[in-house]
Each structure stands twice: as structure tokens, then as C-alpha cells.
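The values are calculated or read from the model by the stated rules, or taken from the named source; none is laboratory data. Here the structure is a predicted model, which is why all the values come from computation and not from measurement. Note: ideal-geometry Cβ built from the backbone for every residue, glycine included; neighbour counts use all protein chains shown. For the accessible areas, the whole protein counts, side chains as well, though only heavy atoms, and no ligand, DNA or RNA atoms are used. Shrake-Rupley method; radii C 1.70, N 1.55, O 1.52, S 1.80 Å.
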Amino acid sequence: MFSDARLIPWLEQLREEVPGAQLLDVHTHIGQNDPDGYRCSRKELVGALEPIDARAVVFAMHEPGGYSPANDMVIAEAEAADGRLFPFCRLDPADSAAAEARRCLDAGARGIKLHPRAEGFNLDHPGLDDVYRLADEEQVPILCHAGRGIPALGRHAVEVCSNYPGLRLILAHAGISDLGWIWRETPTHPNLFF
């Protein structure tokens, strides 16, 4: 992580070259129960975004006890952030994922977060079929952790994008798990993003 002092000159240069550019961080977490010890409140996140007039997509950190209460918290905290935060619901395919996605979208979530490594699943998990169908029908984005150590992530991501052209699949961390080849698939999969 870099200090703001080192990043601000780059931001200022970008704003000079692209007048009117608006910053949107599409990968932020809030929560207090992550087993790795990470913590972040809405106030802390908004406090980091305000000085650079940025907005962010936000979702729950890893919640070993389940995501329903955490998703409710994220939606409520985003609502309290006066348009600075866009809530995504986090899902575990082993825990009624499609029903939780529908509930959260009805409550104000704007997208879906999947973390195959934390919850120990692959993108071809049968519990995700109805989630993909919902995202396809509603044209809701899915942000997926795509760090190293997730077998067949790229292959499964391409299959999902082929089968559900209305959903938008964003591979976080620049799709590093399969970046060596998956970038070649983007021309034929316009709903696959990094």
C-alpha cells in the first residue's frame, strides 16, 4: 500500500489529462469479523474516499458465520453514505445463494460479490446456476476474487460469460489467476471484465 502523498501527484496528473474523470473503486470491504483480522468501518472508508472525491463499490469482508446479517449491514451503511458507496451482496453458494442474492437486490444491493478461495468453491458450483441466471436476467454485475490458487477459475469464468450473456463478470485483481491467456477471450466475451 502506498501513502496518499505518493499517489496524489498521479491522481492530479490523471485529472489534468482526463478532465471530468470520476474515481470509482470497485473493490472495497467493510466489516469487523474477518478471520484474518481486517477491519474497516463505513466512516473509515468514506474518510479515505472523500479527500479525492471518489466513490466505491462495497461488500462484506469474509464472514465465517454467514452473509445475511453482513449484507444487511453493507446495504444500510451504503445508504448512510449519501451516494458515495454502492452495495454488493456477498454470497456463499453453499448457503442458499440465489435466495440471498434476490433478497439483497430487492433491498438495494447493486451487484454480487463472490470469493471462491475464501468460501472454498469453483465458479462451476451448482449452487451458483440460479445466481448466474438472476444476474443475467437483471443485468447485475458479479465481482469475483481472481487471485492465485483457484483452480480452473478462468475456464469457468469464460463458460459463465458464454452461458449468461446478460451478466457482467468482473475478475478482481486483474484476473491474475489466469491472465496469461484469458485476455485473449475478451473479444468474444464482451461481458468479461478485469
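In table form, for the structure just shown:
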{"quantity": "Members of the range 50-71 that are on the phi < 0 side of the Ramachandran plot, of a type outside the set (Lys, Arg) and in contact with a Leu (Cβ under 8 Å, 6 or more places away or on another chain)", "calculated": "Ile52, Ala54, Ala56, Val57, Val58, Phe59, Tyr67"}
{"quantity": "The range 1-51, subset surrounded by 11 or more Cβ atoms within 10 Å (Cβ to Cβ) and hydroxyl-bearing (Ser, Thr, Tyr), residue farthest from Ile75 (Cα to Cα)", "calculated": "Tyr38"}
{"quantity": "Check on Ala157, touching a strand residue (DSSP E or B) at 6+ places or on another chain (Cβ under 7 Å), open to solvent by less than 10 Å² (accessible area, probe 1.4 Å), among the small types (Gly, Ala, Ser) and over 18 Å from Met61 (Cα atoms)", "calculated": "yes"}
{"quantity": "Those strands (runs of 3 or more DSSP E) lying entirely in the range 52-139 with at least 1 residues surrounded by 21 or more Cβ atoms within 10 Å (Cβ to Cβ) and in contact with a Ser or Thr (Cβ under 7 Å, 6 or more places away or on another chain)", "calculated": "54-60"}
{"quantity": "Test: residue in the range 171-184 that is touching a helix residue (DSSP H, G or I) at 6+ places or on another chain (Cβ under 6 Å), farther than 15 Å from Pro116 by Cα and not small (Gly, Ala, Ser)", "calculated": "yes"}
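Conditions tested, residue by residue: (1) part of a helix (DSSP H, G or I); (2) at pLDDT 90 or above.
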site	(1), (2)
His156	yes, yes
Glu159	yes, yes
Ser162	yes, yes
Pro165	no, yes
Ile170	no, yes
Ala174	yes, no
Ser177	no, no
Trp183	yes, no
Pro190	no, yes
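Each row is one residue, and each column tells you yes or no for (1) out of contact with any strand residue (DSSP E or B) (no Cβ under 6 Å at 6 or more places or on another chain); (2) modelled with pLDDT of 90 or more.
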{"residue": "Ser3", "(1), (2)": "yes, no"}
{"residue": "Trp10", "(1), (2)": "yes, no"}
{"residue": "Glu16", "(1), (2)": "yes, yes"}
{"residue": "Pro35", "(1), (2)": "yes, no"}
{"residue": "Glu44", "(1), (2)": "yes, yes"}
{"residue": "Ala48", "(1), (2)": "yes, yes"}
{"residue": "Arg55", "(1), (2)": "no, yes"}
